[in-house]
Structures are given as C-alpha cells and as structure tokens.
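Take a look at the structure set out below.
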Amino acid sequence: MHSYPGGASADEALDRVARLPGQLREVRRQIDRYAGERSAEIGIALTEVNSNVQQNSRPNGLFAAEVYMTALENGVFNVDWWNTHNGPNEVNTVDGETDFNDAGLLSSGGCIGDVCQPPLHTPFHPYYGIKSLTNLGGLRPPVGDSSGRRRSRRCPSLCSGSTGA
C-alpha cells in the first residue's frame, strides 16, 4: 500500500494521518473478501509514504513519526519512506530553515542554481522523526533473572507487575 495524504499545509498533512487507520481497515476488508480462507496470512506493508508539503522541514519530521506509528499501531508490518535520496526540486523557507522540496530522507547534495543542499547523506528532519521512534517508552527490553521472572533494565530489582517505569 502507498500513502500520500496530501494537504495544502504541513498541518493538513499531519491531520490527514488520522485517515490511515480507516484506509488500512478497508485494505484488510478487501484482502479478507478476495483472498479467501488464508487471508489472515497476508500482511499489509506500507511501501511508500511521504508528505507532499514542506518535505525537509521540522513539521514533516513530525509527520514522519506520526505516520510510522499510526501504521504500525494499525497492524502494518513494514513502513518505507518514499526515497532515501531524491534531490532538490524547489527552494523555499519554512520556519527560517531552507526547504529543498526533496522527498528523500537524506540529502543528495544537489543544487538549484547557486543554492545547494547540505553534503551528501546529511539527514533531513523526517529522518530524525523516524529515528525518534527508537526511543519510545524509554524502556529497554526486559531481561530475566535466575528465578525466570522478567525484570526491566531500568528497574534492576524485580518489579512484580510493574513496567519498570
């Protein structure tokens, strides 16, 4: 499945992420309808996603984090951003920062006229939005002790029934 929610502004694009759960339910309904008795074995992957506005901006970093989490919370087993490197299309300013309207996660190092992107492979804000998801919850994976009970690395003593937070 591909998702490009559109919108005339970063706020609209972020608001439209709320439509994704219903779209995913419809995809699942169609799979169930047409794939038969083994439809539950077919997973849904979001193989292209991106906003179409302010693509290298901080707001698009928020969009990236929101759309990834929304997709994963709604049963998608994989999410892929549109492109790793794309290239600049148009130079604008968003909240005082240069936006190259580049749909990639990392700079291609390209130029439009005499305005150039950061060096090749420099992350744009959507990269950091996605990367921030690795810190959700602040808990490390639980580990066991000799009694076989689970404990959190943040809660070294056994936290019976606790998340360790």
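The values are calculated or read from the model by the stated rules, or taken from the named source; none is laboratory data. Fair warning: this is a prediction, and the values are worked out from it, not measured in the lab. Here the Cβ positions follow ideal geometry from the backbone for every residue, glycine too, while neighbour counts run over all protein chains shown.
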| query | Which of (1) surrounded by 15 or more Cβ atoms within 10 Å (Cβ to Cβ); (2) within 15 Å of residue 123 (Cβ to Cβ) does residue 84 not meet, given it meets every other one? | reply | (1)
| query | Considering only the range 1-28, how many residues are under 13 Å from residue 75 (Cα atoms) and either out of contact with any helix residue (DSSP H, G or I) (no Cβ under 8 Å at 6 or more places or on another chain) or not in a helix (DSSP H, G or I) (or both)? | reply | 7
| Restricting attention to the range 110-125, which residues are free of Cβ contacts under 8 Å to residues at least 40 places away in the same chain and on the phi < 0 side of the Ramachandran plot? | 110, 111, 112, 114, 115, 116, 117, 118, 119, 120, 122, 123
| What residue, among those in the range 87-101 that are touching a residue at least 24 places away in the same chain (Cβ under 8 Å), in contact with an Asp or Glu (Cβ under 7 Å, 6 or more places away or on another chain) and crowded, with 17+ Cβ neighbours inside 10 Å, is farthest from residue 55 (Cα to Cα)? | 88
| In the range 15-71, residue surrounded by the fewest Cβ atoms within 10 Å (Cβ to Cβ) [restricted to those that are closer than 24 Å to residue 83 by Cβ and among the hydroxyl-bearing types (Ser, Thr, Tyr)] | 47
| What tally of residues in the range 102-150 results from selecting those that are closer than 19 Å to residue 69 by Cα, surrounded by fewer than 16 Cβ atoms within 10 Å (Cβ to Cβ), modelled with pLDDT of 60 or more and of a type in the set (A, V, I, L, M, F, W, C)? | 2
